[in-house]
Amino acid sequence: MKRFSDRIPNKVLKEVFPSRLNRRPASEQIYTHLRQMILSGKLRKGQRLLNWKFVQIFDVNEGTVSKAFAQLKKEGLIIIKPGEGSVVA
């Protein structure tokens, strides 16, 4: 039976598996990606953003995309129109 002192320290695990331990939530990754696209001009003012399209592209659930959209709305980068969808501000 292994004792507590025989376990690999967390510091060593973080060095061996940095990408797994530092992975950001999917909603944050989508938010960052869309924000960069809006600020760089790849997504233009008035362009429609469809939730279902991003669900398919990023292979996530609708709630994850909604969280990303909510953050973009908070920053004033998109306008969310209930029942109609979202557009770039």
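Filtering segment 71-89 to residues that are farther than 13 Å from Ile38 by Cα, without any contact (Cβ under 8 Å) to a residue 24 or more places away in the chain and surrounded by 14 or more Cβ atoms within 10 Å (Cβ to Cβ) leaves only Ile80. Screening segment 55-89 for residues that are in a loop (DSSP other than H, G, I, E, B) and on the phi > 0 side of the Ramachandran plot and picking the one that is modelled with the lowest pLDDT gives Gly83.
Okay, residues lined up against (1) over 20 Å from Pro82 (Cα atoms); (2) touching a residue at least 40 places away in the same chain (Cβ under 8 Å); (3) out of contact with any helix residue (DSSP H, G or I) (no Cβ under 8 Å at 6 or more places or on another chain); (4) of a type in the set (A, V, I, L, M):
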| position | (1), (2), (3), (4) |
| --- | --- |
| Gln36 | yes, no, yes, no |
| Gly41 | yes, no, yes, no |
| Leu50 | no, no, yes, yes |
| Ile57 | yes, no, yes, yes |
| Asn61 | no, no, no, no |
| Thr64 | no, no, no, no |
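The number of residues in segment 20-62 being of a type in the set (S, T, N, Q) and under 13 Å from Ala89 (Cβ atoms) comes to 1.
With the requirement that a residue be touching a Ser or Thr at 6+ places or on another chain (Cβ under 9 Å) and in a helix (DSSP H, G or I), what does segment 32-53 give you? Within segment 32-53, Asn51 is the sole residue that qualifies. Here segment 22-54 is the region considered, the condition is being touching a strand residue (DSSP E or B) at 6+ places or on another chain (Cβ under 8 Å), of a type outside the set (Val, Ile, Thr) and crowded, with 18+ Cβ neighbours inside 10 Å, and the residue that is modelled with the highest pLDDT is Leu34.
The values are calculated or read from the model by the stated rules, or taken from the named source; none is laboratory data. Just so you know, these numbers come straight off a predicted model, no measurement behind them. Every residue, glycine as well, gets a Cβ built from its backbone with ideal geometry; the counts of neighbours run over all protein chains shown.
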